[in-house]
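The values are calculated or read from the model by the stated rules, or taken from the named source; none is laboratory data. Only a predicted model underlies this, so the values are computations on that prediction, with no experimental measurement involved. Cβ sites come from the backbone with ideal geometry, for glycine too, and all protein chains shown count toward neighbours.
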Amino acid sequence: MDWSKLPDLGAVALLTCAFASVAHRGRSTVSGLWLTGWLLIDLHFAAFLFQPKNAILANLLQLVGYGSLVWAGLIFMWACVPYREKLSSRVMLFILVGANTLYMAVLVAAPAKSWMFVPAAALLGAGPLALALVTSRGFTHRLRWALVSTYCGLSVFLLVFQYRPNGTDLALNAVLFTVYLGACIHFWATYKRTTTGTLITIAGFFAWASVFVVAPVLEYFYPNAHIESEVWNLPKYVVAVGMILLQLEDQIEHNKHLALHDELTGLPNRRLFEDRLIGALERARRSGTQTALLLVDLDHFKQVNDTVGHHIGDMLLKRVGQIFNSRVRRSDTVARTGGDEFSIILESPTSREIAGLVGNSLMQLLEDPFEFEGHSVRIGGSVGIAIFPEDAGDAPALRIAADLRMYGDKNAGRTAEPDVPGPSIDRRSFSAADRERNAATQ
């Protein structure tokens, strides 16, 4: 047993447990991949605890130790790939894991200057390059070509230096340097935010990769210099802390999002809607323009829940939210402000006529049947429209005016309530409404 590895194993194991605890509160595919990578780092340290006298067992443990370190780096790298769900990305991971594992096996088990080093080194560059070229017509991405370039460079380096004195040590460090430099590049390209967690993680990966260059250089030029092995493991701890911070930052952002958005539809909730309405009215007041508020209430929604279940009702609300959100401009706001109530802010340029056309088009969309899991659901809707500053001079009064007209529409079959001044909704087609509104916004 090499007891000097035990403190490192214990430290990484504790960091892995801390990471698992944080990741458990905000589970995602990325956090699961990161946790897998840290479990492999634990396996890396555990494999080097043992020093058996049996040569075959010693070689096997050495392969597990170095292989798990390489696999962890590849998983960290793949977790940052934005296109990892693509089949070609999964195949690329399979090729990299296979090629790196094969080369590690040759390093550990093959005799020095064996012919097996050449095909194993060539495969490290040829495999990723062949896949990138085959799939280049259907898909291409700068990260993929960066990965292919680094592995082609690694392959050339190995073919040139692996047969030289201390060539196996150079080859091992070159492979590990390429893997963790690739992880650094992928993190830097994917996490473009300037947060503490991001900066620490990227710096940690860069330092981790640099270890495999600095350590052999110091050993060659300063053979008498003594540096404790724990120093070379510090970048691992830095990366672990950075990833924990990233998880906490993501959870904080997620909690902020939930505080201002409806959990079911993802639309702004009443709190965010109120803030945006006040802001829209202030902008309209300064520029002397109009802002329209539309309140939409779904008809017969309770009957949907009672007859086909709340699950279908939830799916219906999601679909309605998606439809409404796709029918307005990015500058406008669609919010879910009640159980079956949606509120829409139409910012300048807008007018009473345009708001009426938009409201009419949304009502026509609600009249079409919705299909969910074999159920055909028919609902309708009622809309109330109020215009700032003609109908009201502030946000509360504007909401009251729109609410009164919405209930008037509901009670009178979508006809404006007589004692509440406002437009009756023109029943032109949705395409005509779109054309007029698009013309107004150009």
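A few remarks follow.
- Residues (basic (K, R) and under 21 Å from P396 (Cα atoms)) located in the range 268-327: R270, R271, R276, R283, R285, R286
- Cross-chain or 6+ apart pairs with Cβ under 7 Å, the range 165-193 first and farther than 17 Å from I41 by Cα, then of a type in the set (V, I, T) and not in a helix (DSSP H, G or I): H186/V81
- Criterion: surrounded by fewer than 18 Cβ atoms within 10 Å (Cβ to Cβ), under 27 Å from the mean Cα position of the chain (by Cα), aromatic (F, W, Y) and assigned by TED's automatic domain parsing to the domain that holds N59 - qualifying residue of F139, F187, F161: F139
- Of the residues making up the range 250-295, those that are under 19 Å from the mean Cα position of the chain (by Cα), assigned to a helix (DSSP H, G or I) and not charged (D, E, K, R) number 6.
- Meets criteria (in the same structural domain as L96 (by TED's automatic domain parsing), surrounded by 14 or more Cβ atoms within 10 Å (Cβ to Cβ) and not acidic (D, E)) for S229: no
- Every condition in (1) surrounded by fewer than 17 Cβ atoms within 10 Å (Cβ to Cβ); (2) under 16 Å from Y237 (Cα atoms) is met by W38 except one, and the failing one is (1).
- Only listed residue being outside any helix (DSSP H, G or I) and either in contact (Cβ under 8 Å) with a residue 60 or more places away in the chain or more than 25 Å from W232 (Cβ to Cβ) (or both), chosen from R90, R137: R137
- Residue satisfying all of: in the range 324-379; small (G, A, S) and in a strand (DSSP E or B); farthest from N269 (Cα to Cα) among these: S376
- The residue pairs whose first member lies in the range 3-26 and is modelled with pLDDT under 75, whose second member is outside any helix (DSSP H, G or I), and whose beta carbons are closer than 7 Å, counting only pairs six or more residues apart or on different chains, are K5/F48; K5/L49.
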